[in-house]
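Worksheet: one structure, shown below.
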Amino acid sequence: MKTNLSGVELIAEERRHQIDDLGFTTQKDMAYRNGELVEAALAYAKAASTQSDKCPRGWPWSENTWKLQSPIENLVRAGALIAAEIDRLQHEMENSGKN
């Protein structure tokens with residue numbers, strides 16, 4: 001992890017990684033209509049302070065997808081997931097004609 005970047009820059013870089021390297025585009029994120037992105041973000045944010053190895057309650061996907069990292073990396077992932085949910089909601093509003 002780059003230490004010369006601000007928190008906002010780290011989150012933006014992680015979101016770019018999710019899109020460009022992992023394929024988690026807004027189009028794919030449209031499938032998550034039940035708060036999964038927010039729940040995942042909450043799990044990573046909580047893990048930043050607890051550092052438990054266990055997959056947290058409320059994790060929206062299978063346990064083998066839980067990847068605990070350092071507190072900073074967990075917060076960066078949480079922020080990127082929140083950004084993904086914002087993008088998903090904005091895309092949903094644009095397509096429904098509502099703002």
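Laid out as a table, the results:
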| read-out | value |
| --- | --- |
| Burial ordering of Leu22, Leu81, fewest other beta-carbon atoms within 10 Å first | Leu22, Leu81 |
| Pairs of Lys in the chain closer than 30 Å at Cα, counting only those 8 or more apart or on different chains | 11 |
| Simple Cβ-charge dipole of the stretch 28-85, Lys/Arg +1 and Asp/Glu -1, about Cα centre, in debye nearest 20 | 60 debye |
| Most fluctuating residue given options Asn34, Asn74, Asn64, as computed from a GNM of the chain linking Cα atoms under 10 Å | Asn64 |
| Tensor-based shape of the chain (alpha-carbon gyration tensor, a/c under 1.5 rounded, otherwise prolate or oblate) | oblate |
| Karplus (6.51, -1.76, 1.60) ³J(HN,Hα), θ = phi - 60°, over the stretch 45-59, in Hz, Gly and Pro reported as x | 5, 5, 5, 4, 9, 9, 6, 7, 6, 6, 5, x, 4, x, 4 |
| For the chain, calculated [θ]222 nm from helices alone, where every DSSP H run of n ≥ 4 adds -39500 (n - 2.57) | -19500 deg cm²/dmol |
| Candidates Ser52, Ser70, Ser62: whichever shows maximal mean-square fluctuation once the chain is modelled as a Gaussian network with Cα springs under 10 Å | Ser62 |
| Thr26, Thr3 arranged by Cβ crowding within 10 Å, fewest neighbours leading | Thr3, Thr26 |
| Size of charge dipole - the chain - debye, nearest 20, with Cβ of Lys, Arg +1 and Asp, Glu -1, no other charges | 220 debye |
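The numbers here are math on the coordinates, done by the rules we state, and not lab data. The structure displayed is predicted, hence computed values, not measured ones. Heads up, the Cβs are rebuilt from the backbone with ideal geometry, glycines too, and the neighbour counts pull from every protein chain shown.
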